[in-house]
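S.K.: The structure is given below, and queries will be raised subsequently.
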Amino acid sequence: MRFFRLIFANLFRKKLRLMLTIGSFAVALFLFAFLAVVKDAFGHGADVANANRLVTINRVSIIQPLPLSYGDRIRAIPGVQAVTHDNWFGGVYQDERNFFPQFVIDPQNQRTVYPELIVPEDQWKNFLRDRQGAIAGARTAARFGWKVGDRIPIRGVIWGAGAWEFNLDGIYHGKSPKDDETQFWFQWDYFTEHVPDRVKGLVGWYTVKLNSPDDALRVSKAIDTQFANSPYETKTETESAFAASWVKQFGNIEFLILTIGTVVFFTLLLVTGNTMAISVRERTNELGVLKAIGFSDGRVLLFVLAESLLIALIGGVFGLLLAMGAIPVLGTALNGLLPNLVLSKAMLGLGIAFALSVGFCAGLLPGIGAMRLRVINALRRV
Amino acid sequence: MVSVTNVGNSSALIQVRGLNKTYRHGSEMIQVLQGLNLDVDKGDFIAFMGPSGSGKSTLLNLLGGLDVPTAGTISIGSDELTHMSSSKLTQWRARHVGFVFQMYNLIPVLTAYQNVELPLLLTRLSKSERRQHVETALSIVGLTERLDHFPRQLSGGQEQRVAIARAIVSDPTYLLCDEPTGDLDRKSADEIMALIIELVDKHGKTVLMVTHDPVVAGRAHTVLHLDKGVLVEGSNFRQDAMAGGGA
């Protein structure tokens, strides 16, 4: 504590340089937080995937449908607890920028397969009674200011043009903050009444709930074997594998983000390392004086490291605060395209750790240089 | 009493025996100090003079534990410097040596008070005890009104006073002054010398000083000349002054 004044005095010696270095940290940490949040949002599906669930899609592609009749046959396989089916609706609410995922659901099995998405009992009962009923996630409802009882018109795109009218009967919430609260569900019966005959009785994919995750491999093999050599062959995988392969369609996001992150890390390391090296070189003489009057080599190293870590901490906190303010704005601007742009506490902690590790590495070499300075050589420099 | 023979007195505060210092310059070996002997008693004030390259600053660095000799021994009281490790020597310096440099060497981002307090940060003294020591040191050098001034707000003479206060604040065994007036005008130099003499005469400090200025050296009790790394006895000004009835 008694050395804080000396460390702070040295830190604020060149205010412009200090501000610029802190600024570099702030920008880098902002970028770090942003990339981490985007990576998290892309990987969100895999994160929340339930180990008890399998997803069965058409072997050719997810955009190819599967027959409705498969549901009962999958349900009959030992180890399967429940099966539900979904279709991607892909309609437009008011404007194409107002994106949110819309699913045609199987009301009988939806809540059994997805118990983490909670709808109040009375609202669910109303939904079941209402052929044009719909349930919206809390975030989507909040985004558009919807409340239960509202009439929601959605323009069809994939399944024939024209307005589809829905009654908002309920709003669901996720059990955990990571659960997706942006979806919009409506009933299979209403959907199948309005689609062209050629697509009637076809679903997008099945989600299978297992009795035990240990059955995943056996059941997925059993499903795919059962429908092998049929006009609608299937591909079954765990929900997390499905989510991961979905993300891969966008390219290797993780690699891209890691590459950018690594470049940022090393650039920041060079900028800060250079700043610290200049800062130490400028006061070689003063370091010599400190050593002459009895400050040990280790203490001199600690002073340099403390300065570097303080710069990193201040810049890091500033950058993360900036990110905390900007990410929700960004989420709104993206119109729900990436539904889970959340800067979690773990990510903030990781950001601080990232900043401190850069600060430590940047201060280490100049600090060791300062530590190894011979007093008589240092005192000669003016 | 100062002696430069190798039979000096064993009760001397500083005892230097057979001191050699050699530097390597490329393939050439340069001998800076050659078999130097010296005894300094407590309360002595010695000025080292000599041409550039004669080894004055090297001797001061060795006496201050900033450098290690190639051969020979330096004993300060019961401590043998030449056998100490680098870290031990650093701790020893903090307790026993006060440094005054030609260019003052104050930390520019610290106030006069904070500069003087620096050596005390290495002690176990409390904040209030440190304050007491710093204020005492600054009052001795006559700068109690400038506690909160930064070095850039002080004159050269005042900066050197702060440096002297920093050197004496931890009550070291002896002071090493390397050209303490070299960067000052005559008036300021006289004031600094008056202060150093006061430290010796009134506070009983032992002072070893390097200078090029014969006038400044003339204020010391003893002047020793270094020539090509060999110490030759000079004049004992105090004894001369006592014999002659004035300095």
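S.K.: Go through region B:107-137 and count every residue that is within 18 Å of B:Pro172 (Cα to Cα) and facing another protein chain (nearest Cβ under 10 Å). Talk me through it step by step, then tell me what you get.
M.R.: As a first pass, look at region B:107-137 and keep what is within 18 Å of B:Pro172 (Cα to Cα): B:115-125, B:129-137.
Filter once more, so that each one left must be facing another protein chain (nearest Cβ under 10 Å): B:115, B:117-123, B:125, B:130.
Count: 10.
S.K.: Looking at region B:63-80, which of its residues are within 14 Å of chain A (Cβ to nearest Cβ) and farther than 19 Å from B:Val32 by Cα?
M.R.: If the condition is that a residue be within 14 Å of chain A (Cβ to nearest Cβ) and farther than 19 Å from B:Val32 by Cα, then no residue fits.
S.K.: From (1) facing chain A (nearest Cβ under 9 Å); (2) touching a residue at least 60 places away in the same chain (Cβ under 8 Å); (3) in contact with an Asp or Glu (Cβ under 6 Å, 6 or more places away or on another chain), pick out the condition that doesn't hold for B:Ala167.
M.R.: Of everything listed in (1) facing chain A (nearest Cβ under 9 Å); (2) touching a residue at least 60 places away in the same chain (Cβ under 8 Å); (3) in contact with an Asp or Glu (Cβ under 6 Å, 6 or more places away or on another chain), B:Ala167 misses just condition (3).
S.K.: Which of the residues that make up region A:284-320 are crowded, with 23+ Cβ neighbours inside 10 Å, more than 14 Å from chain B (Cβ to nearest Cβ) and closer than 19 Å to A:Arg13 by Cβ?
M.R.: The answer is A:Val304, A:Ser308, A:Ile311, A:Ala312, A:Gly315.
S.K.: Now, a different point. Answer yes if at least one residue in region B:150-163 is within 10 Å of chain A (Cβ to nearest Cβ) and under 20 Å from the mean Cα position of the chain (by Cα), and no otherwise.
M.R.: Yes, that holds for at least one residue.
S.K.: Can you tell me which residues in region B:130-184 are among the β-branched types (Val, Ile, Thr) and buried (at least 21 other Cβ atoms within 10 Å of the Cβ)?
M.R.: To start, the set of residues in region B:130-184 that are among the β-branched types (Val, Ile, Thr) comprises B:134, B:136, B:140-141, B:144, B:162, B:164, B:168-169, B:173, B:181.
Passing the criteria: B:Val134, B:Val141, B:Val162, B:Ile164, B:Ile168, B:Val169, B:Thr181.
S.K.: Please go through region A:1-13 and give me each residue that is surrounded by 13 or more Cβ atoms within 10 Å (Cβ to Cβ) and facing chain B (nearest Cβ under 10 Å), ordered by number.
M.R.: If we filter region A:1-13 for residues that are surrounded by 13 or more Cβ atoms within 10 Å (Cβ to Cβ), which is where we start, we get A:2-3, A:5-11, A:13.
Listed by number, the residues that qualify are A:Arg2, A:Phe3, A:Arg5, A:Leu6, A:Phe8, A:Ala9, A:Asn10, A:Leu11, A:Arg13.
S.K.: Please specify each residue of region A:242-273 satisfying the condition of being without any contact (Cβ under 8 Å) to a residue 12 or more places away in the chain and either in contact with a Pro (Cβ under 9 Å, 6 or more places away or on another chain) or more than 28 Å from A:Phe30 (Cα to Cα) (or both). So that I can check it myself, show each step before the final result.
M.R.: We begin by selecting, within region A:242-273, every residue without any contact (Cβ under 8 Å) to a residue 12 or more places away in the chain; these are A:245, A:248-249, A:251-252, A:255-256, A:258-259, A:262-263, A:266, A:270.
Across region A:242-273, the qualifying residue is only A:Ser245.
S.K.: While we're on this one: Name the residue that is farthest from B:Phe101 (Cα to Cα), counting only residues in region B:64-89 that are in contact with a Phe, Trp or Tyr (Cβ under 8 Å, 6 or more places away or on another chain) and not charged (D, E, K, R).
M.R.: Kept after step one, since they are in contact with a Phe, Trp or Tyr (Cβ under 8 Å, 6 or more places away or on another chain), are these residues of region B:64-89: B:64-65, B:76, B:79, B:81, B:84.
Filter once more, so that each one left must be not charged (D, E, K, R): B:64-65, B:76, B:81, B:84.
Values: B:Gly64: 12, B:Gly65: 15, B:Ile76: 21, B:Leu81: 21, B:Met84: 24 Å.
Of everything passing the filter in region B:64-89, B:Met84 is farthest from B:Phe101 (Cα to Cα).
S.K.: Here is a follow-up. When both residues are 6+ apart or on different chains and their Cβ atoms are under 6 Å apart, which pairs have a first residue that lies in region A:357-382 and is within 11 Å of chain B (Cβ to nearest Cβ), and a second that is in a loop (DSSP other than H, G, I, E, B) and surrounded by fewer than 14 Cβ atoms within 10 Å (Cβ to Cβ)?
M.R.: Final answer for the pair search is none.
S.K.: When you check B:Thr90 against the structure, is it out of contact with any His (no Cβ under 8 Å at 6 or more places or on another chain), within 13 Å of another protein chain (Cβ to nearest Cβ), closer than 24 Å to A:Val375 by Cα and not acidic (Asp, Glu), yes or no? Before you say what the answer is, go through the steps one by one.
M.R.: On the way: out of contact with any His (no Cβ under 8 Å at 6 or more places or on another chain): yes; within 13 Å of another protein chain (Cβ to nearest Cβ): yes; closer than 24 Å to A:Val375 by Cα: yes; not acidic (Asp, Glu): yes.
In short, yes.
S.K.: When residues of region A:194-235 are filtered for being surrounded by 17 or more Cβ atoms within 10 Å (Cβ to Cβ), in a loop (DSSP other than H, G, I, E, B) and out of contact with any Pro (no Cβ under 8 Å at 6 or more places or on another chain), how many remain?
M.R.: Selection size over region A:194-235: 2.
For (1) over 30 Å from A:Asn377 (Cα atoms); (2) touching a Lys or Arg at 6+ places or on another chain (Cβ under 8 Å), each residue gets a yes or a no:
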site	(1), (2)
A:Thr234	yes, yes
A:Ser240	yes, no
A:Asn252	yes, no
A:Ile257	yes, yes
A:Thr272	no, no
A:Thr284	no, yes
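S.K.: For A:Pro107, all conditions in the list (1) within 21 Å of the chain's Cα centre (by Cα); (2) part of a loop (DSSP other than H, G, I, E, B) hold save one; what is the number of the exception?
M.R.: That leaves (1) as the condition not met.
S.K.: Follow-up question, since we're still on this one. Which one is farthest from the other protein chains (Cβ to nearest Cβ) among residues in region A:253-283 that are among the small types (Gly, Ala, Ser) and surrounded by fewer than 21 Cβ atoms within 10 Å (Cβ to Cβ)?
M.R.: Start the filter on region A:253-283 by keeping residues that are among the small types (Gly, Ala, Ser), which leaves A:261, A:273, A:277, A:279.
Adding the requirement that they be surrounded by fewer than 21 Cβ atoms within 10 Å (Cβ to Cβ) leaves A:261, A:273, A:277.
Numbers: A:Gly261: 35, A:Gly273: 22, A:Ala277: 19 Å.
Checked region A:253-283; the qualifying residue farthest from the other protein chains (Cβ to nearest Cβ) is A:Gly261.
S.K.: Restricting to strands (runs of 3 or more DSSP E) lying wholly in region A:113-186: which have 1 or more residues that are within 26 Å of A:Arg75 (Cα to Cα) and free of Cβ contacts under 8 Å to residues at least 24 places away in the same chain? Spell out how you get there, then give the answer.
M.R.: On the way: elements: A:133-137, A:151-155, A:163-174.
Passing ranges: none, list empty.
We did not get these values from a lab; they are worked out from the coordinates using the rules stated. This one's a predicted model, so the numbers in the text were calculated from it and none came from an experiment. All Cβ positions, even for glycine, are placed from backbone atoms using ideal geometry, and neighbour counts span all protein chains on display.
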